[in-house]
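Asks: Shown below is the structure under consideration.
No lab work stands behind these numbers, since they all come straight from the coordinates. Since the model is a prediction, treat every value here as computed from it, not as a measurement. Every residue, glycine among them, receives a Cβ derived from its backbone with ideal geometry; neighbour counts consider all protein chains shown.
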Amino acid sequence: MANWSGITAEQKTEVNQLVGIIPTRKLPTYDELSYEDFLNDHLIPNKPFILSSKATSYWSASARFRLPTSKDVSKPNLSALRPYAHHIVPVANTLQQQFSEFERTERSLGEVLDLWEKGEGNGLYVKDWHLMAEIEGEGRGVEEVYEVPECFRDDWLNPPYTPHPRLSTSNGGNLSASTSDFRFTYLGPPLTYTPLHRDVYGSYSWSANVVGRKVWWLFPPNKLDRVKDKHGELVFDVRELADEGGGIKILQQEGEIVFVPSGWHHQVVNLDFCISINHNFFSSPTLPRIYDTLCRSQARVEESILDVKEMIIQRLGSTGDAWEKEWVEEVQSLLERDAGWNWRGFWETVAKNVITPPTPSHLRPPVGMRDEWIRDIIERFKLHREWIMLDEVRTAIEKIEVVIS
Ligand SMILES: O=C(O)CCC(=O)C(=O)O
């Protein structure tokens with residue numbers, strides 16, 4: 001079977017230009033990182049770092065998906081992806097911008113591999129492919145691809161890390177073709193890219209390069225002014241800016257894992273044909289940030305449908321709480337569509353992870369710290385009308401309060 005045919009001369013020049021202007025790395029890079037150091041030096045202060053290629057050297061994906069070359073960077077072994085050819089994957093056409101996104105389609109992975117093997121589809125980027133959920137849905141274990149580094153296992157957004165086939169469906173085991181998890185695989189030729197964005201819910205992410213190198217631009221929340229256009233909107237591609245927005249620019253080598261802090265904007269360009277695996281996740285240290293992000297999303301949603309509020313009040317009158325109940329429900333359903341979740345989802349997620357933590361205690365913050373972060377958001381939430389109006393939310397919070405000290 002043919003394989004990926006390689007980079008064109010023009011692409012090579014563009015890649016060389018990109019690599020040529022990457023400053024010396026300013027982020028710490030670790031061969032090993034204990035959970036305690038991760039918590040104190042990165043999770044709590046919300047600071048980025050890199051895990052060296054040692055972290056992925058023993059992954060099955062590193063052996064299966066790489067075709068070694070004489071250089072430090074491998075070529076992709078597209079034939080090794082053929083067993084997944086039947087998966088339907090989201091594909092961004094990075095040569096076709098549509099407003100603030102790329103044109104997106106869904107296709108079988110096989111169709112995209114066929115194009116790449118013929119030397120076509122150079123702008124196509126397979127993104128947000130739920131490979132792990134697909135593997136588990138087919139009754140196998142994710143050990144066929146990777147092992148989640150220990151420091152990242154306290155993950156409140158995804159099913160608990162289990163290398164072998166899941167035996168029960170009680171904790172998200174039956175995820176066939178699910179779009180409800182945030183464990184993604186990305187595949188794309190050189191120069192395909194992900195525009196400037198911040199991750200879902202204000203989560204953290206970690207991203208491992210199984211094949212190829214990427215360049216990253218990272219922007220802490222207080223450094224966003226320089227990546228906005230004259231209308232105050234974030235630019236799509238920081239390379240359009242004279243100084244690329246002044247963020248932290250890093251070259252991620254093959255095998256390395258980048259940790260992106262919560263709420264940090266970032267942009268990523270593939271320098272080689274890249275196969276990468278990433279998780280969006282959060283855990284108790286970032287609950288106050290996730291909470292604030294949801295409050296801001298709710299304020300935006302409320303602002304956008306003020307006319308609906310007026311209509312409800314006109315219909316039901318402003319005395320009594322009938323109008324307010326309907327308004328709160330209206331906002332929650334729009335919030336779910338707009339932000340991906342609402343207060344029910346948020347508090348049920350917190351309750352689930354407090355009642356059944358995803359990791360043993362040495363891989364999560366001490367209970368006292370966790371409880372303080374949770375108490376903080378509960379106290380703040382109890383000032384909201386949703387605390388009174390949403391019965392399931394109250395039930396979830398009461399379950400949490402039984403567990404926290
Ligand atoms: O690799 C990419 O193209 C994007 C990755 C990313 O945005 C992330 O891991 O948060």
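Asks: Give the Kirkwood hydrodynamic radius (Å, one decimal) of the chain, defined as one over the mean of 1/r across all pairs of different Cα atoms.
Replies: 22.8
Asks: If you don't mind, another one. Rank the residues Ile22, Ile248 as a footprinting-exposure proxy: fewest other Cβ atoms within 10 Å of their Cβ go first.
Replies: By the 10 Å Cβ count, ascending: Ile22, Ile248.
Asks: Nearest 500 deg cm²/dmol is fine: what mean residue ellipticity at 222 nm does the chain get from its DSSP H runs of n ≥ 4 alone, each adding -39,500 (n - 2.57), divided by its residue count?
Replies: So the helix-based figure for the chain works out to -9500 deg cm²/dmol.
Asks: May I ask you to give the average projected area over all directions of the convex hull of the Cα atoms of region 90-149, in nm² rounded to one decimal?
Replies: About 5.6 nm², averaged over all directions.
Asks: Here's a follow-up. Please report, in whole Å, how far the alpha carbons of region 285-403 spread along each principal axis, starting with the longest.
Replies: Between the extreme Cα coordinates on each principal axis of region 285-403 lie 55, 25, 19 Å.
Asks: Please return the longest range in the chain lying between exposed loop sites, taking trypsin sites (Lys or Arg not before Pro), DSSP loop only, at most 11 other beta-carbon atoms within 10 Å, and leaving the sites out.
Replies: 231-405
Asks: Sticking with this structure for a sec: Computed over the Cα atoms, what is the radius of gyration of region 332-375 divided by 2.2 N^0.38 Å, N being its residue count?
Replies: Its radius of gyration relative to the 2.2 N^0.38 Å reference: 1.42.
Asks: Here is a further query. Roughly speaking, what % of Cα-Cα pairs in region 235-300 are separated by over 15 Å, rounded to a whole number?
Replies: Numbers: 1438 of 2145 pairs.
Within region 235-300, distances greater than 15 Å cover 67 percent of Cα pairs.
Asks: Could you tell me which of the pairs Lys54/Lys249; Lys75/Lys228; Lys127/Lys214; Lys26/Lys230; Lys12/Lys75; Lys127/Lys399 are separated by over 25 angstrom between their Cα atoms in the structure shown?
Replies: The pairs that break the limit, which is 25 Å between Cα atoms, are Lys75/Lys228; Lys26/Lys230; Lys127/Lys399.
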